[in-house]
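Visitor: Dumping the structure here so I can ask a few things about it.
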Amino acid sequence: MTASLPIRDDLRGMHAYGAPQLDVRCQLNTNENPYGPSPALQKAVADAVAAIAGSLNRYPDRDAVALRADLAAYLGHGLTVDQVWAANGSNEVIQQLLQAFGGPGRRALGFEPSYSMHPLISRVTCTGWIAGTRDADYGLSTAAGQVTLHQPDVVFITSPNNPTGTAVPLDLIAAVYDAAPGMVIIDEAYAEFGRDGTPSALALLPGRPRLVVSRTMSKAFAAAGTRLGYLAADPAVIEALLLVRLPYHLSTVTQAVARAALAARDELLSSVDALRRERDAIVDWLRAQGLRAAESDANFVLFGTFEDRHKTWQALLDRGVLIRETGPVGWLRVSVGTPEEMAAFRTALTEVLR
Ligand SMILES: Cc1ncc(COP(=O)(O)O)c(C=O)c1O
């Protein structure tokens, strides 16, 4: 349809990104938290919106200071408001980072398979993309060497990685930072789901002004609909982002709802332990079926391998279970849902494997 329009040459022929949004019984394809807010929290959110509704004729706080202070308090590690930035989902955080630190004539490096929006946002911000590689077990033992070789302006490390679930040890991130000439972005969208002892790169921030740790409220925080992503970094990074962000990018409604969710963090994060247990159980179950399942520190599991993975994906969908066709050839990814949803997934897959 865009063929007749004078669209940018590098966008011509591209297809819009997006996982299918289908109205099926078990939606296990976008790594959301399956647990919705309690009635009490629904009321707290509604009250928070009611409290600001009378001021919607005014622009929001452009710098979202109160929200950023709340996020800093949540993250801990001694972080303060000037080290935290927020935007509409971590996708927008990543876009702003690439607008400020990537762009024409610059290149970003990521280690594939990884989050597919990193190359896509690079492309739309006219940042060149270098597809780095992983070890056979999806680890990153060669990452620092690849960075030394390519000298990229931006490095992405997703930890835990999507779609493999792999968490990256801090010494490896520190080595990548030392080898990198530019920005190093650790995408920790799934950090809260890490197994015990899985560290956060937040601990590496002191003394590393080119390091950025991005997070989101879309996953563990059970607030994907709120669209709130954030990052922690040196204050100079946030000053750079102020140059590229659109004025008033975060609506007053978004800021109020995100603050209400942060105030209710005990409830919202209370499902994380159950989801981690469910994840470990599904890894064991998949292996017991004779399948391969990658180690996961996230709320999803990559499993396979299938000669025709699309056929398996479709057969599961025909049984009301929507998962994601992504990752290396022959593999599929299932998000961790409620015990009922995982039981439905197991039943459907057992039928399909028969
Ligand atoms: C690794 C990773 N980063 C970032 C995001 C984007 O999340 P959001 O824009 O909802 O914050 C996702 C979403 O699936 C993801 O998997």
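Visitor: Specify which of the listed residues (Ala263, Ala203, Ala294) is in contact (Cβ under 8 Å) with a residue 12 or more places away in the chain, open to solvent by less than 40 Å² (accessible area, probe 1.4 Å) and aliphatic (A, V, I, L, M).
Guide: None of the others qualify; the one that does is Ala294.
Visitor: Any idea which of Arg62, Arg68 is away from the ligand (no atom under 15 Å from the Cβ) and either closer than 22 Å to Ala220 by Cβ or at pLDDT below 95 (or both)?
Guide: On inspection, the qualifying residue turns out to be Arg68.
Visitor: In the set Ser4, Ser55, which member is among the hydroxyl-bearing types (Ser, Thr, Tyr) and either open to solvent by 60 Å² or more (accessible area, probe 1.4 Å) or at positive phi (or both)?
Guide: Being among the hydroxyl-bearing types (Ser, Thr, Tyr) and either open to solvent by 60 Å² or more (accessible area, probe 1.4 Å) or at positive phi (or both) holds for just one of Ser4, Ser55, which is Ser4.
Visitor: Please go through region 220-233 and give me each residue that is in contact with a helix residue (DSSP H, G or I) (Cβ under 7 Å, 6 or more places away or on another chain) and either of a type outside the set (A, V, I, L, M, F, W, C) or assigned to a helix (DSSP H, G or I) (or both), ordered by number.
Guide: Thr226, Arg227, Gly229, Tyr230 - these are the residues of region 220-233 that are in contact with a helix residue (DSSP H, G or I) (Cβ under 7 Å, 6 or more places away or on another chain) and either of a type outside the set (A, V, I, L, M, F, W, C) or assigned to a helix (DSSP H, G or I) (or both).
Visitor: Using beta carbons and a limit of 6 Å, which pairs, at least six apart or on different chains, have the first residue in region 236-260 and under 14 Å from Thr226 (Cβ atoms) and the second one open to solvent by 30 Å² or more (accessible area, probe 1.4 Å) and small (Gly, Ala, Ser)?
Guide: Listed by first residue and then by second, the contacts come to Ala260/Ala44.
Let's see how each residue does on (1) closer than 30 Å to Phe300 by Cα; (2) at pLDDT 95 or above; (3) within 12 Å of the ligand (Cβ to nearest atom):
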{"site": "Val212", "(1), (2), (3)": "yes, yes, no"}
{"site": "Arg215", "(1), (2), (3)": "yes, yes, yes"}
{"site": "Phe221", "(1), (2), (3)": "yes, no, yes"}
{"site": "Ala224", "(1), (2), (3)": "yes, yes, yes"}
{"site": "Ala232", "(1), (2), (3)": "yes, yes, no"}
{"site": "Ile238", "(1), (2), (3)": "no, yes, no"}
{"site": "Leu241", "(1), (2), (3)": "no, yes, no"}
{"site": "Leu246", "(1), (2), (3)": "no, yes, no"}
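Visitor: Looking at Val329, Val272, which is the one that is under 21 Å from Asp196 (Cβ atoms) and not charged (D, E, K, R)?
Guide: Testing whether each residue is under 21 Å from Asp196 (Cβ atoms) and not charged (D, E, K, R) leaves just Val272.
Visitor: Next question, about the same structure. Taking into account only those residues within region 142-198 that are on the phi > 0 side of the Ramachandran plot and over 12 Å from the mean Cα position of the chain (by Cα), which is surrounded by the fewest Cβ atoms within 10 Å (Cβ to Cβ)?
Guide: Gly197
Visitor: Tell me which of these Arg276 doesn't satisfy, since it passes every other one: (1) of a type in the set (D, E, K, R); (2) touching a Ser or Thr at 6+ places or on another chain (Cβ under 8 Å); (3) buried (at least 17 other Cβ atoms within 10 Å of the Cβ).
Guide: So the condition that Arg276 fails would be (2).
Visitor: With open to solvent by less than 70 Å² (accessible area, probe 1.4 Å), part of a helix (DSSP H, G or I), modelled with pLDDT of 95 or more and of a type in the set (A, V, I, L, M, F, W, C) as the only criterion, which of Leu268, Leu316, Leu250, Leu332 stands out?
Guide: One residue alone meets the criteria, Leu316.
Visitor: Another question, then. Just to be sure, is Val81 buried (at least 16 other Cβ atoms within 10 Å of the Cβ), free of Cβ contacts under 8 Å to residues at least 24 places away in the same chain and of a type outside the set (D, E, K, R)?
Guide: Spelling it out, Val81 is indeed buried (at least 16 other Cβ atoms within 10 Å of the Cβ), free of Cβ contacts under 8 Å to residues at least 24 places away in the same chain and of a type outside the set (D, E, K, R).
Visitor: Let me ask another. Please state which one of Gly110, Gly103 is assigned to a strand (DSSP E or B) and open to solvent by less than 10 Å² (accessible area, probe 1.4 Å).
Guide: Exactly one residue qualifies, and that residue is Gly110.
Visitor: Right, here's the next one. Kindly provide the set of residues from region 151-198 that are in contact with a helix residue (DSSP H, G or I) (Cβ under 8 Å, 6 or more places away or on another chain), within 16 Å of the ligand (Cβ to nearest atom) and in a helix (DSSP H, G or I), ordered by number.
Guide: Hits for region 151-198 are Ile173, Glu192, Phe193.
Visitor: Taking only region 23-51 into account, find how many residues are part of a loop (DSSP other than H, G, I, E, B), closer than 24 Å to Ala189 by Cβ and open to solvent by 70 Å² or more (accessible area, probe 1.4 Å).
Guide: Qualifying residue count, region 23-51: 2.
The values are calculated or read from the model by the stated rules, or taken from the named source; none is laboratory data. No experiment lies behind these values; they were computed from the predicted model shown. For neighbour counting, all protein chains shown are included, and Cβ atoms are generated from backbone atoms with ideal geometry for every residue, glycine included. What goes into the accessible areas is simple: the full protein's heavy atoms, side chains included, and nothing from ligands, DNA or RNA. Shrake-Rupley method; radii C 1.70, N 1.55, O 1.52, S 1.80 Å.
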